[in-house]
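Notes for the one structure printed next.
The values are calculated or read from the model by the stated rules, or taken from the named source; none is laboratory data. Since the model is a prediction, treat every value here as computed from it, not as a measurement. Positions of Cβ are generated from backbone atoms using ideal geometry, with glycine treated the same way; all protein chains shown enter the neighbour counts. SASA here: full protein model, heavy atoms, side chains in, ligands and nucleic acids out. Shrake-Rupley method; radii C 1.70, N 1.55, O 1.52, S 1.80 Å.
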Amino acid sequence: AELGALLEIRNAQIIYDNAVEAVRDVSLSVPEGAVVALLGSNGAGKSTLLKAVTGTLHLEEGELTKGSIRYAEEDIGHARTERIVSQGLILVPEGRRLFANLTVEENLTMGAYRKTAAEMRRLKSMVFDLFPRLHERRAQISGYLSGGEQQMVAVGRALMAEPRLLALDEPSLGLAPLIIDSIYQTIDRMRHELKMTIFLVEQNASQAMEIADYVYIMENGRVVLDGPAEKMRSNLDVQEYYLGFS
Ligand code: ATP
């Protein structure tokens, strides 16, 4: 018997429409309490893997055709989102997907999963403590917020479900550098203060590598490189191809 990680992907193959092989033989694990980053350029297969983990592949005619995905000792490779969410695996989707015509506070409420009114109050104050800005804007319509504020709402909404594993899909996409810094500082607080396990999917390698414990890099559907973050940061290929040093 082996002690499994909280999320354990083994030899996964994912095919769309019985044709495009988007993920080829990928193995990856996210231990409890860790921050694991999955990096790679556009089209590498990162989002596909994340869709498999969060149970939304079938929406796009995608399927896990080989290998397995285990979360909290349970096989979720073909499970639907409802079941996965109920186990505490919560996604902050790429592009944030807020209810644009609802207020900040209403969006947060939408994220709460089976919570009592008292729990809801406690969770909201936890989110407002992490994002004071959202408290200031709680009555505003989300669609009118800046990109950075909308990303905060998306993260806050996920936190309302009290994730055991929080999966973030490109949280820095389209945001200005200062805002990205602040989002990443908050992710760091979430892991330290809330002891959350985090699976971070990013094209922005430098920020992700600073915060992660362990890093995987995908290209063309495969993991081409992986290792502890500090080792990866000092790897010359990583510096040249992914961090833009030369
Ligand atoms: P991005 O940064 O753009 O999200 P990615 O690394 O997440 O890139 P994926 O979106 O997972 O990459 O795409 C991996 C491969 O699967 C690409 O070749 C893409 O064209 C293909 N693909 C993605 N979604 C679908 C789909 N719904 N149907 C068919 N092929 C798809």
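Give the accessible surface of the chain per residue, rounded to a whole number of Å², with probe radius 1.4 Å and ligands, DNA and RNA excluded.
Here the per-residue accessible area is 49 Å².
In whole Hz, what ³J(HN,Hα) sequence does segment 40-48 give by Karplus (6.51, -1.76, 1.60; θ = phi - 60°), x for Gly and Pro?
Those phi angles translate into x, 7, 3, x, 5, x, 5, 5, 4 Hz.
Counting only residues 5 or more places away or on other chains, whose amide H sits under 5 Å from the amide H of LEU6 once H atoms are built in the peptide plane?
Hits under the 5 Å cutoff: VAL30, GLU32.
How about LYS115: which lysines have a C-alpha closer than 16 Å to its C-alpha, ignoring those fewer than 8 places off in the same chain?
LYS124
Would you kindly derive the ³J(HN,Hα) couplings of segment 124-134 from the backbone phi angles with the Karplus curve 6.51 cos²θ - 1.76 cosθ + 1.60 (θ = phi - 60°), listing them in order in whole Hz, with x for Gly and Pro?
4, 6, 5, 5, 5, 5, 6, 10, x, 4, 5
Taking only DSSP H segments of four or more residues, each worth -39500 (n - 2.57), what value at 222 nm results for the chain once the sum is divided by all its residues, to the nearest 500 deg cm²/dmol?
-10000 deg cm²/dmol
I'd like the antiparallel share, as a percent to the nearest 5, of DSSP beta bridges with both residues in the chain.
The antiparallel proportion sits near 55 percent.
In the chain, if every C-alpha pair distance is counted and binned at 10 Å from zero, what percent goes to each bin?
Going out from 0 Å in 10 Å bins, the chain shows 7, 32, 36, 21, 4, 0 percent.
Please list 3J(HN,Hα) in residue order for segment 139-147, calculated via the Karplus relation 6.51 cos²θ - 1.76 cosθ + 1.60 where θ = phi - 60°; whole Hz, with x for glycine and proline.
In residue order, the calculated couplings are 9, 8, 6, 4, x, 9, 6, 5, x Hz.
Compute the signed sum of charges (Lys and Arg +1, Asp and Glu -1) over the other residues within less than 11 Å, Cβ to Cβ, of HIS135.
Net local charge, HIS135 excluded: +1.
Calculate, in nm to one decimal, what VAL20 and LEU243 gain on full extension: separation in residues at 0.36 nm each, minus their alpha carbon distance.
Contour length minus Cα-Cα distance gives 77.4 nm.
Where does the charge balance sit around LEU123 when Lys and Arg score +1, Asp and Glu -1, over other residues with C-beta under 11 Å from its C-beta?
Summing Lys/Arg as +1 and Asp/Glu as -1 gives +2.
What does the charge count near MET218 come to, summing +1 for each Lys or Arg and -1 for each Asp or Glu among other residues with Cβ under 15 Å from its Cβ?
Residues close to MET218 contribute a combined charge of -4.
Lysines near LYS66 by alpha-carbon distance under 18 Å, same-chain residues fewer than 8 away left out - which ones?
Answer for LYS66, where 18 Å is the Cα cut-off: LYS46, LYS51, listed by chain and number.
Counting only residues 5 or more places away or on other chains, whose amide H sits under 5 Å from the amide H of ALA167 once H atoms are built in the peptide plane?
Under 5 Å from the amide H of ALA167: ILE90, LEU91, VAL92, PHE199.
May I ask you to derive the FRET efficiency for SER234 and SER29 from their Cβ-Cβ distance with R0 = 25 Å, giving the value to the nearest 0.05?
Numbers: r = 22 Å, r/R0 = 0.90.
So the FRET efficiency works out to roughly 0.65.
With a 1.4 Å probe and all protein chains left in place, how much of the accessible area of the chain comes from carbon and sulfur atoms, in whole percent?
So the carbon and sulfur contribution to the accessible surface is 48 percent.
HIS135 to GLU210: FRET efficiency via 1/(1 + (r/R0)^6), r the Cβ-Cβ distance, R0 30 Å, to the nearest 0.05? All intermediate terms of the calculation are to be shown ahead of the outcome.
Values: r = 27 Å, r/R0 = 0.91.
Using R0 = 30 Å, I get an efficiency of 0.65.
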